[in-house]
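The structure under discussion appears below in the form of structure tokens.
The values are calculated or read from the model by the stated rules, or taken from the named source; none is laboratory data. What you see is a predicted model, and the numbers here were worked out from it, not measured in a lab. Note that we place each Cβ from the backbone using ideal geometry, even for glycine, and neighbour counts take in every protein chain shown.
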Amino acid sequence: MRILAAGSEALMDGFSLLGIETHADIDAQQLESLLNEILQQQERTLIYLQQDLAQAEIPLLQQIRKEGGSILISELPQLHQPDQRNATIDSLITRVMGANALELQHE
């Protein structure tokens, strides 16, 4: 299984320390090329994508998400703006479980 991460150089430093393949400061076109390579290799892959890349208008990325299969994509908040996290899955959780589902619960 291949594990890789793509995002800002500062965020990728931590992933590289863990021995994960990193792609720092790539743009949408470079991400699309990387996704094409992964699809051609037909390899099970876990991809950590910084939120801005994960939400980029890349048709191949959207196709991979719709089809599912051997490629799993997880979104990461930007390192310097963790409170601005707005993952794609958040809207689905809110629709299914209600607006309060993602709020912190303190007991």
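Worth a mention:
- One residue from Leu39, Leu4, Leu35 being surrounded by 12 or more Cβ atoms within 10 Å (Cβ to Cβ) and touching a helix residue (DSSP H, G or I) at 6+ places or on another chain (Cβ under 6 Å): Leu35
- For the range 17-39, filtering for residues that are outside any loop (DSSP other than H, G, I, E, B) and either modelled with pLDDT under 95 or of a type outside the set (S, T, N, Q) (or both) leaves 12.
- Considering the conditions (1) of a type in the set (Gly, Ala, Ser); (2) under 15 Å from Ile71 (Cα atoms); (3) touching a Ser or Thr at 6+ places or on another chain (Cβ under 7 Å), Ser16 is excluded by exactly one of them, (2).
- Any hit, the range 55-65, residues being surrounded by 18 or more Cβ atoms within 10 Å (Cβ to Cβ) and either in contact (Cβ under 8 Å) with a residue 40 or more places away in the chain or within 15 Å of Leu79 (Cα to Cα) (or both): no
- The range 15-31, subset without any contact (Cβ under 8 Å) to a residue 12 or more places away in the chain and either in contact with a helix residue (DSSP H, G or I) (Cβ under 9 Å, 6 or more places away or on another chain) or farther than 22 Å from Gln55 by Cα (or both), residue surrounded by the most Cβ atoms within 10 Å (Cβ to Cβ): Ser16
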